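For reference, the structure discussed in these notes is given below.
No lab work stands behind these numbers, since they all come straight from the coordinates. All values reported here derive from a predicted model rather than from experimental measurement. Backbone-built Cβ (ideal geometry, glycine too); neighbour counts: all protein chains shown.
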Amino acid sequence: MAAIGTAEIVHAVNRGENLTFIFVNNAVYGMTGGQMAPTTMLGQKTTTTPYGRETKEAGYPLRVSEMLATLDGACYIERCAVNNAANVIKTKKAIKKAFQNQIDKKGFSIVEVLSQCPTNWGVTPIKSNEYIEKEMMKIFPLGVLKDKGN
């Protein structure tokens with residue numbers, strides 16, 4: 001969604017399509033070998049950036065939720081995480097709200113979920129939960145970015 005689907009998501013939001021997107025952000029292409037993704041953080045190592053992402057070669061990480069929140073067609077945008085029980089509960093509530101907005105035909109909703117990728121990050125599952133809190137949340141802070149639906 002943040003790479004080859006960028007044009008489509010931007011225009012769907014801009015039109016205010018009555019859709020719900022769940023965007024799982026683990027900052028890598030975890031299903032295809034751990035390559036750099038648009039959300040890979042500066043300095044983060046991947047199979048295609050073994051020395052870490054650098055701005056000169058790859059630019060900055062894309063903050064999809066912030067970008068989409070600037071569009072008038074967005075109804076509800078929230079970033080959550082699944083690194084601990086409290087955040088899982090908040091994520092479930094955000095997803096439920098997004099789908100309720102769709103049922104109520106309020107427009108476009110997206111829930112970005114910061115998620116683990118211990119295999120491609122080269123850490124244990126426990127360390128991956130810590131990584132989300134200590135590293136990812138600095139770049140991708142949690143919270144509601146837009147809520148026109150109340």
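Observations
- Looking only at region 2-39, residues that are outside any strand (DSSP E or B) and on the phi < 0 side of the Ramachandran plot come to 24 in all.
- Just one of the numbered conditions (1) in a loop (DSSP other than H, G, I, E, B); (2) under 22 Å from Lys138 (Cβ atoms) is not true of Lys106: (2).
- Complete set of residues in region 52-89 that are within 20 Å of Lys127 (Cα to Cα) and either out of contact with any helix residue (DSSP H, G or I) (no Cβ under 6 Å at 6 or more places or on another chain) or touching a residue at least 60 places away in the same chain (Cβ under 8 Å) (or both): Gly52, Cys80, Ala81, Asn84, Ala85, Ala86, Asn87, Val88
- Contact map, region 1-21: first residue closer than 18 Å to Asp147 by Cβ and touching a residue at least 24 places away in the same chain (Cβ under 8 Å), second residue buried (at least 17 other Cβ atoms within 10 Å of the Cβ) and of a type in the set (Ser, Thr, Tyr), Cβ cut-off under 7 Å, separation 6 or more or different chains; pairs are Thr20/Ser109.
- Qualifying residues in region 23-41 (those that are more than 20 Å from Glu133 (Cβ to Cβ) and touching a strand residue (DSSP E or B) at 6+ places or on another chain (Cβ under 9 Å)) - the one surrounded by the fewest Cβ atoms within 10 Å (Cβ to Cβ): Gln35
- Matching residues, region 98-120, being farther than 19 Å from Glu66 by Cβ, out of contact with any Ser or Thr (no Cβ under 6 Å at 6 or more places or on another chain) and in contact (Cβ under 8 Å) with a residue 12 or more places away in the chain: Asp104, Lys105, Lys106, Cys117, Thr119, Asn120
- Residue count, region 42-79 (criterion: in a loop (DSSP other than H, G, I, E, B), touching a strand residue (DSSP E or B) at 6+ places or on another chain (Cβ under 8 Å) and of a type in the set (Gly, Ala, Ser)): 3
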